[in-house]
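Colleague: Shown below is the structure under consideration.
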Amino acid sequence: MKRYYEDPKDNAAFERCIDIMARLFLKYGKQVLEKQEQRRQVELLAEEQETELQEADIDYLDMAA
């Protein structure tokens, strides 16, 4: 076992923590990445719509002038 801490109990606790995190990544990693991608797509769509609204407002103001 690699030594990260001086106290063997701390080392064992750290190893367990890393093991649990690795298991969580393996179990839920794909779901988390998919959810992040969905959120990113929604944010991009919202930004595009906001830009279109701003451009439409500018066009309207230009026509009204």
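Colleague: Could you point to the residue in 26, 44, 11 farthest towards the positive end of the chain's charge dipole, with +1 and -1 charges on the Cβ of Lys/Arg and Asp/Glu respectively?
Modeller: 11
Colleague: May I pose another question? Along Cα→Cβ, 7 Å out, is where each label goes; now give me the distance between the ones at residue 5 and residue 33 in nm to one decimal.
Modeller: 3.1
Colleague: Turning to a different aspect of this structure: Tell me, what % of the accessible area of the chain is carbon and sulfur with a 1.4 angstrom probe?
Modeller: Here it works out to 58 percent.
Colleague: Still on this structure, I have one more. Taking only protein heavy atoms into account and a 1.4 Å probe, give the accessible area per residue of the chain in Å².
Modeller: 100
Colleague: I would also like to ask the following. Extending each Cα 7 Å along its Cβ direction at residue 48 and residue 14, get the distance between those two points in nm, one decimal.
Modeller: Going from the residue 48 label point to the residue 14 one covers 4.7 nm.
Colleague: List the chymotrypsin sites (Phe, Trp or Tyr not before Pro) in the chain that DSSP assigns to loop (not H, G, I, E or B) and whose Cβ has at most 16 other Cβ atoms within 10 Å. Which are they?
Modeller: 4, 5
Colleague: Under the Karplus relation 6.51 cos²θ - 1.76 cosθ + 1.60, θ = phi - 60°, what is the ordered set of whole-Hz ³J(HN,Hα) values for the range 9-20, x standing for Gly and Pro?
Modeller: The phi angles translate into 5, 5, 4, 5, 5, 5, 4, 5, 4, 4, 4, 5 Hz.
Colleague: Just to verify a number: what accessible area does residue 50 come out at with the full protein assembly present, 1.4 Å probe, Å² rounded to tens?
Modeller: Per-residue accessible area (residue 50): approximately 90 Å².
Colleague: Read through the labelled values (i) 0.99; (ii) 0.93; (iii) 1.53 and report the label of the one computed as Rg/Rh (Cα atoms, Kirkwood Rh) from the structure.
Modeller: Computed from the coordinates, Rg/Rh (Cα atoms, Kirkwood Rh) corresponds to (iii).
The values are calculated or read from the model by the stated rules, or taken from the named source; none is laboratory data. These numbers were taken from a predicted model, which means no experiment stands behind them. Cβ: placed from backbone, ideal geometry, glycine included. Neighbour counts: every protein chain shown. Surface areas here come from the heavy atoms of the whole protein model, side chains and all, with no ligands, DNA or RNA. Shrake-Rupley method; radii C 1.70, N 1.55, O 1.52, S 1.80 Å.
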